[in-house]
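Some notes on the structure that comes next.
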Amino acid sequence: MTYDTSKSLNKKKSIDNLKTSGFERRLSIAKTSLNIGRRWAGNSVSGMFMDKQARAARNQAFMETQANYMAEELGKLKGSVVKIGQMLAMYGEHILPPEITRALHTLNDDTATLNWSKIEETLAHTLGDKLHELDINPEPIGTASLAQVHRATVKSTGEEVVLKIQYPGVADAIDSDLALFKHMLRVSNIVPQTRALEAWFEEIRDLLHHEVDYEAEAATTERFYERLKEDARYVVPKINRHYSSSRLLCMSYEAGVSVTNPTLQNLSDERLNRIGQAAIEIIMQEIFVWGEMQTDPNFGNYLVRVADDEDGTDKLVLLDFGAIRQFDDALLTIARNLLLAGYNHDHDAMARAMTGYDFFDTMSPKVKSDVANLFLLATEPFSAPECNPDIPADCLDDQERYIWANSVLHSRLAETARQAMQSFEFNLPPKEFMFISRKFIGAYTFLTVINAHTDSKRLVKPFLPAI
């Protein structure tokens, strides 16, 4: 759930209802599936007499068109169907055609708002008489595929809160939506049906059921609140249990602006550096200290509370603790060894650290070496400059801090990964590593946007005392 408290959503289209009944959703998705299937058949017939090259080009263009049509139709439904598409786009590049992942990436949470009368009806059902204790602004400050956020005031105390209100029926529709989504992919014939795809659907099922459990999210938010309450660089909303339930989350209102807000561009370089350092340090804490991570890589899950003057502390407001994943000690040990190898820019140590999963253990020496090179590049911002001669000269400032905006690290990683994957004969990467890598990619984007410079030693040493 993302919102910028400096903006209003009053220009968004409002809808009166959601298609949450199984019949409506089945009808909508069945229509989409049949249309794609019919067009696919027509495309195959009409391309029978083309040469191989022309047919391949035609099929790619057709796939692009149909993938965009599918994403457009899914975007009209809200609910878990949209979330399923988003998750497949996020983690599915290894199992889906690129045309599909590109189209699914267009699904976003910047959707129409649900009419206030429907939200109020949901709140009345959830809160009962307690609804009258709140003065709620009917204008939402945030929307998503599963929920909508409204500001409110507790009348008796004046406490400012936000209500994260789950759309009615979306939790109950998860399993049927997954079945419908899989059926659409099968009938439309645009995605190969593989065991890997089925395994990811099961993972998405678990994630979605966890994400709609607001009691679990409340508990997670409280854990992070306790962990960070003494660190002035972070703000975690405080849960108000009196108005919270399994489908409604009430928490303190925390002001801030989005990462892309022009206000941030007016801050000094050093202030932006401190914000960037804090953003990456929280991920290090999640992995190496707490063993649980908010896996949604969208940097919209941050707000920034800008201090009033140069001497104040700019704060990261951390939002949305629904997509949490716990990691066991075995994985954390592997992650520490990978980080240590990256810090020392040691290819052999990186290859040795790659173990404990079939993904690593079944690789040939050539493939393992290629993947080790990929991991060395991914850990470039965490490497000691004196150990890593491969850091581009313009990516270090005069204090040997890493300059994110100059690094073009994301595109370099994409190219290296593309080259490495040409020789891969392995299974899909472990989902835990995909979650972690995606979270870091989100952080890398965040740090690039604000043009931060970060200190690798400060980032790594607290978590690897041996350095």
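FYI, it's all coordinate maths here, none of it is from the lab. Since the model is a prediction, treat every value here as computed from it, not as a measurement. All Cβ positions, glycine included, derive from the backbone under ideal geometry; neighbour counts span all protein chains shown.
Points worth noting:
- Fully extended contour minus Cα-Cα distance, from residue 175 to residue 268, at 0.36 nm per residue: 28.6 nm
- If the convex hull is drawn through the Cα atoms of segment 257-467, its volume per residue in Å³: 123 Å³
- The simple spin-label model puts a point 7 Å past each Cα toward its Cβ; for residue 121 and residue 399 those points are separated by 5.7 nm.
- The length gained by stretching the chain between residue 261 and residue 209 to full extension, at 0.36 nm per residue less their Cα-Cα distance, is 15.5 nm.
- Amide H contacts under 5 Å for residue 307: 314, 315, restricted to partners 5 or more places along the chain or on a different chain, H placed in the peptide plane at 1.01 Å from N.
- Simple spin-label estimate for residue 313 and residue 130 gives 3.1 nm between the two label positions (7 Å along the Cα-to-Cβ direction from each Cα).
- Fully extended contour minus Cα-Cα distance, from residue 186 to residue 461, at 0.36 nm per residue: 94.1 nm
- Theoretical FRET efficiency, 1/(1+(r/R0)^6), r = Cβ-Cβ of residue 160 and residue 362, R0 45 Å, to 0.05: 0.25
- Residues of segment 293-323 with amide N under 12 Å of the 7 Å Cα→Cβ point at residue 227: 293-295, 321
- For the pair residue 332 and residue 449, label points projected 7 Å from Cα toward Cβ lie 3.0 nm apart.
- Unit charges on C-beta of K, R, D, E only; dipole of segment 304-410, Debye: 620 debye
- Segment 274-316 and segment 341-406 have Cα centres spaced 24 Å apart.
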